[in-house]
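These notes concern the structure reproduced below.
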């Protein structure tokens, strides 16, 4: 908004300056032309003492003049064209005559005409060797070209202000988008951390209420909590990292899967995980791949029922559970994050898997298992594939 306001103010100032400069230029040109006309009229008047005389040639010259002029002497108006009503008021004329006779050169001023009341630019010049003064005038109203210029400036400024506002809004949106994304990621991390830590804390509280024999259980829960905190920190770091910063190289995906699944051996449901792995090499980042496997297995154990089967055939990894699955209409939202199919879930596990898949150029699909459950499939491009240029964050 500040950018748009500043741009608009600058444009308005420039437009006003352009209009003023054009108006002053027009006024200077008008006075120059009126001065030439006044000098011509003064030279054409034949003076003999304080009075001037005119001949037929002078009258013929007057008819060709396009403008207002007059010869005025102390006795009154001698000649006025097109009429006396086109001249200034008597008081104004008297003042201008006095200034012209006692000054050095022409007198320039702006005064309204008696008849129309419209402003008129005047050049007043004394006829040499006489008491007669020449008035030459032209309308001070802006000509059509100047009015068109003003209209063009107004329309241009309005258009540029609208364009500046739109660009300012776009640029500000682009500028704050990373900050908004970072805030959303931190909020999501806090929601996930609160949910993950709630369960072990509840178990520890119950163990303390029952007495010291459950100190072993408390120790187990503390260990679990430490592991959860470590995983949450890993997730937060992964989600905020630049995809281009990860170096992808050939890795044994089957070995990465084995090490990741071993972490669940001492957890609830960990014994229900079955591995069916063929040796396979993919181009990837071992830590990111391990995080994706942990999320898939953890998601299957939390929302499904055993056994959870982790299978690897070539470049295709599948994780299958026997839960209720995910309705087709909700699968896209689950991959985007912030949505879950279970009460108390945070909906970030599969979203992180989707992010890891994008980094590796892999295809992630959610399908139905037989006879029921969810089958998550990750299809990697293979060790000879080129690394993807970028991945969404």
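The values are calculated or read from the model by the stated rules, or taken from the named source; none is laboratory data. Predicted, not measured: the structure shown is a model, and the values here were computed from it. Note that each Cβ is placed from the backbone with ideal geometry, even for glycine, and that neighbours are counted across all protein chains shown.
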Subset of segment 318-338 that is at pLDDT 80 or above and over 12 Å from residue 368 (Cβ atoms) - its residue that is surrounded by the fewest Cβ atoms within 10 Å (Cβ to Cβ): 329
Scanning segment 80-116 residue by residue, those in a strand (DSSP E or B), free of Cβ contacts under 8 Å to residues at least 40 places away in the same chain and under 56 Å from the mean Cα position of the chain (by Cα) turn out to be 107, 109, 110, 111, 112
